[in-house]
Amino acid sequence: METLGTGWRDVVRYEVLGPVRALRAGTGLRLGTPQQLALLSVLLLHGGRPVERHELVAALWGERPPAGANGLLATYAARLRKVLEPDRPRRTSPRVLVTRNTAYGLELGRDDLDLWCFEDAVAGARSARRNRDLDAARSGYERALAVWTGEEALAGVIAPFVEVERLRLAELRLAARLEHAEVLLEFGASEEPVEVLRPLSRAHPHHERLHALLMLSLHRGGRTGEALEVYQEIRRALLGEFGVPPGPRLARIHERIHAADPWLLPRAAGTPLIPAQLPRDIADFSGRASELGRLRHLLAAPHGVVAGPSVLVTGPPGVGKSALAVHAAHQVAPCFPDGQLYAELGGATGSPAEPADVLGRLLTDLGVPAAELPDGAAHRAARFRTLTARRRLLLLLDDAHDEAQVRQLLPGGPGCAVLVTSRSRLATLPGRSAVPLSYLREEESLRMLTRVAGADRVAAQPAAARTLARVCAGRPLAVRALGARIADADAAELPLLADRLASPGSRAG
């Protein structure tokens, strides 16, 4: 970093994280007019780097500077010099606020500016957190936040540049507060984070990460009702202000709190998180015995030493790919003691999920704090492979779009298996074994219909039931939906329903 001056510094300490002040030996200096205070603030925020005269004029007066702005600037600088280095002999060069050509700058040491002390403490806390030294991380964040001397940075400064800088510094402080709360939660604390986060939630009613942390803190402290109310509060705020509901991450926290998911409970230090994310299995799943057997064999067989299998369930829409994959995944889950991950990829929606977004969720579900997520899909994929290299995990990727989407989501170790569903064949997927699905035969549809609707109901109207099975055209989803409809209907209605659905122009569902 280029700095100005001879390298000699008077011992002056500066504060911008609250009222702007300059102190010598702990005593505040009288900095003069508001314009001089604004000039000093701009120079401090540039951290010793030279600032050209025209930049300073724009910062102090905006697009309409007064006549003679350069002269006024020189006057303010001269007055500040007298305050900052009052004992400087005449005819000697300035040593604190110095000039080179048309630029001004301050001579600053790293410990001379509270903003730098804050940033260094936060950087140290983040490094300690990455190394799982929670004690050092906690003390680092506490040191950083203690540097602030007011609720608002640059207090007392009036100039065009102030609001943007004040907002930037407030965002840095908020990020540190949230990371501090996350560390407290990792320690197992709940009340302390609530005390930190509750007032912040009122000041930032639309901040989803903040509200997620508050909900988690309340839930862990036995205040689940309050946690659920926090979700409703931000939901109302987002809908009222922007017309959108909370995002998927906050909605997922809400669902897990509502379901008393043990994933939300604090873990002992060093205890790996064991995810169990498979969708609920279908209790009355029937048929597909051959395909199910092949899936179990491919997924549960001992794996090699290079990479676990990638098993693809493929077929046309409505053929039951997801239901079969979920059923198979539940059956082989005991073979994967380190857990089961699930991701919906949206391949058939027209808006397939971005690999970077999916990887971000998978990493956080494996215990990576949101603040430590790498940027970009490539770096996240590398972190995901590292985390999964020595684990036995099952990853279910539902409704994949293409090979490029899936390829970045593959785990790294031989103990992991990937089960993918897709309408596409994904012919170049690494380690691919395919289990193609076709539409059900009529007898298979009838057996499924019997299991869903009930044997007594089907036996009472066998001809109508067979007709209904036939009109489903071998689509398991249609069979299941029609079976549920039959189960709720009067037996006498089956022939009427069969006639109506079998007529031209009608279809099941």
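The values are calculated or read from the model by the stated rules, or taken from the named source; none is laboratory data. Worth saying up front: this structure is predicted, and the values here are computed from it rather than measured. A quick note on method: Cβ atoms are made from the backbone with ideal geometry, for glycine too, and the neighbour counts reach across all protein chains shown. Heads up: the accessible areas ignore ligands, DNA and RNA and are worked out on the full protein's heavy atoms, side chains in. Shrake-Rupley method; radii C 1.70, N 1.55, O 1.52, S 1.80 Å.
Sequence-ordered 3J(HN,Hα) estimates for region 153-166 from the Karplus curve with 6.51, -1.76 and 1.60 and θ = phi - 60° stand at 6, 6, 4, x, 9, 10, 5, x, 6, 5, 4, 5, 5, 4 Hz, glycine and proline given as x. Loop-located GluC sites (Glu not before Pro) in region 23-107 (DSSP state not H, G, I, E or B) with no more than 11 neighbouring Cβ atoms inside 10 Å: Glu63. Relative to the Cα centre, the charge distribution of the chain, modelled as +1 at Lys and Arg Cβ and -1 at Asp and Glu Cβ, gives a dipole magnitude of about 860 debye. The slack between Leu167 and His258, meaning 0.36 nm per residue of separation minus the straight C-alpha distance, is 29.2 nm.
Measuring spread by the Cα atoms of region 84-209 yields a radius of gyration and Dmax of 19.0, 62 Å.
Residues whose amide H lies under 5 Å from that of Ala155, counting only those 5 or more places away or on a different chain, are Gly18, Val20; hydrogens are built 1.01 Å from N in the peptide plane. Derived scalar couplings between HN and Hα for region 29-34 equal 8, 7, 8, x, 5, x Hz in order, rounded to whole Hz, by the Karplus curve 6.51 cos²θ - 1.76 cosθ + 1.60 (θ = phi - 60°), x for Gly and Pro. For the chain, adding -39500 (n - 2.57) for each run of n ≥ 4 DSSP H residues and dividing by the number of residues yields -15500 deg cm²/dmol at 222 nm. Toward the positive end of the charge dipole of region 325-401, with +1 on the Cβ of Lys and Arg and -1 on the Cβ of Asp and Glu, the farthest Cα among Ala377, Leu394, His327 is that of Leu394.
Residues whose amide H falls under 5 Å from that of Ala434, counting only those 5 or more places apart or on a different chain, are Leu312, with hydrogens built in the peptide plane. The string of couplings for region 285-291 from the Karplus curve (6.51, -1.76, 1.60, θ = phi - 60°) is 4, 9, x, 6, 4, 5, 5 Hz, one whole number per residue in order, with x for Gly and Pro.
Which residue, Ala22, Leu60, Leu298, has the largest displacement toward the positive end of the dipole of the chain when charges sit on each Cβ (Lys, Arg +1; Asp, Glu -1)? So the residue we want is Leu298.
Take region 40-120 with all the other protein chains still there, run a 1.4 Å probe, and you get 50 Å² of accessible area per residue. Each other residue within a Cβ distance under 11 Å of Pro316 adds +1 if Lys or Arg and -1 if Asp or Glu, for a net charge of +3.
Share of carbon and sulfur in the accessible area of the chain stands at 53%, probe radius 1.4 Å. Dipole magnitude for region 160-288: about 160 debye, using +1 per Lys or Arg Cβ and -1 per Asp or Glu Cβ, origin at the Cα centre. Using the Kirkwood radius over C-alpha pairs as Rh, can you work out the diffusion coefficient of the chain via Stokes-Einstein at 37 °C, viscosity 0.692 mPa s, in µm² per second? After rounding, the answer is 117 µm²/s. Looking at the chain only, what percent of DSSP beta bridges run antiparallel? Nearest 5 please. Antiparallel bridges make up about 30 percent of those DSSP assigns within the chain. Solvent exposure of region 312-439 amounts to 37 Å² per residue of accessible area, where only protein heavy atoms count and the probe is 1.4 Å.
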